[in-house]
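Participant: My questions will all concern the structure given below.
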Amino acid sequence: MIKIHFLEFSKNSKAILTIEEHSIFGGLGECCANLIAQNNIDTNLKILGIPDEYMINGSQSDVLDYYNMSPERIVEISKDLLNK
């Protein structure tokens with residue numbers, strides 16, 4: 001049921017942004033990318049998360065800033081994605 005709703009949403013969306021506080025591999029973004037590709041949906045997709053690398057150490061705020069997941073960067077990335 002969730003898959004059907006996501007596919008309908010994707011077909012009617014200009015862009016999709018997923019945000020994950022863990023690896024970008026095997027998460028929500030990868031699942032969304034798979035569904036979009038398998039169903040030939042024409043929409044922009046951006047996955048924010050931790051790339052396949054050793055993570056930096058720091059506060060949660062430091063980590064989110066480093067990986068472009070701070071609230072300010074999410075707004076900027078969302079606007080850029082919608083303007084493509």
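None of the figures in this text is laboratory data; all of them are computed from the coordinates on show. All values derive from a computational prediction rather than experimental measurement. Backbone-built Cβ (ideal geometry, glycine too); neighbour counts: all protein chains shown.
Participant: Taking amide H positions as placed 1.01 Å from N in the peptide plane, with prolines and chain starts having none, which residues 5 or more places from ILE16, or on another chain, fall under 5 Å of its amide H?
Facilitator: It is ASN44, LEU45, LYS46, by chain and number.
Participant: Enumerate the calculated ³J(HN,Hα) couplings along the stretch 12-24 in order (Karplus 6.51 cos²θ - 1.76 cosθ + 1.60, θ = phi - 60°), each rounded to whole Hz, writing x wherever the residue is Gly or Pro.
Facilitator: 9, 10, 6, 7, 10, 10, 10, 10, 9, 8, 7, 4, 6
Participant: Using only Cα atoms, tell me the angle between helix 28-38 and the longest principal axis of the chain; keep it within 0 to 90° and round to the nearest 10.
Facilitator: 30 degrees
Participant: If you don't mind, there's one more thing I want to ask. Which value in nm describes the separation of the simple spin-label points at PHE9 and ASP80, placed 7 Å from the Cα toward the beta carbon?
Facilitator: Using points 7 Å along Cα→Cβ, the separation is 2.3 nm.
Participant: Let's see if you can work this out: charge +1 on each Lys and Arg Cβ, -1 on each Asp and Glu Cβ, no other charges. What is the dipole magnitude of the stretch 2-82 about its Cα centre, in debye to the nearest 20?
Facilitator: On the way: 6 positive and 12 negative charges, 87 e Å.
In total the dipole reaches around 420 debye.
Participant: Around ASN83, what is the net charge, scoring Lys/Arg as +1 and Asp/Glu as -1 over all other residues with Cβ under 12 Å from its Cβ?
Facilitator: Working: positive: LYS14, LYS79, LYS84; negative: GLU76, ASP80.
Taking every other residue near ASN83 into account, the sum is +1.
Participant: What per residue convex hull volume, in Å³, do the alpha-carbon atoms of the chain yield?
Facilitator: Dividing the Cα hull volume of the chain by its residue count gives 99 Å³.
Participant: Find which of ALA15, HIS5, SER70 sits farthest along the positive direction of the dipole of the stretch 2-82, computed with +1 on the beta-carbon of Lys and Arg, -1 on that of Asp and Glu, about the Cα centre.
Facilitator: Checked the options; the winner is HIS5.
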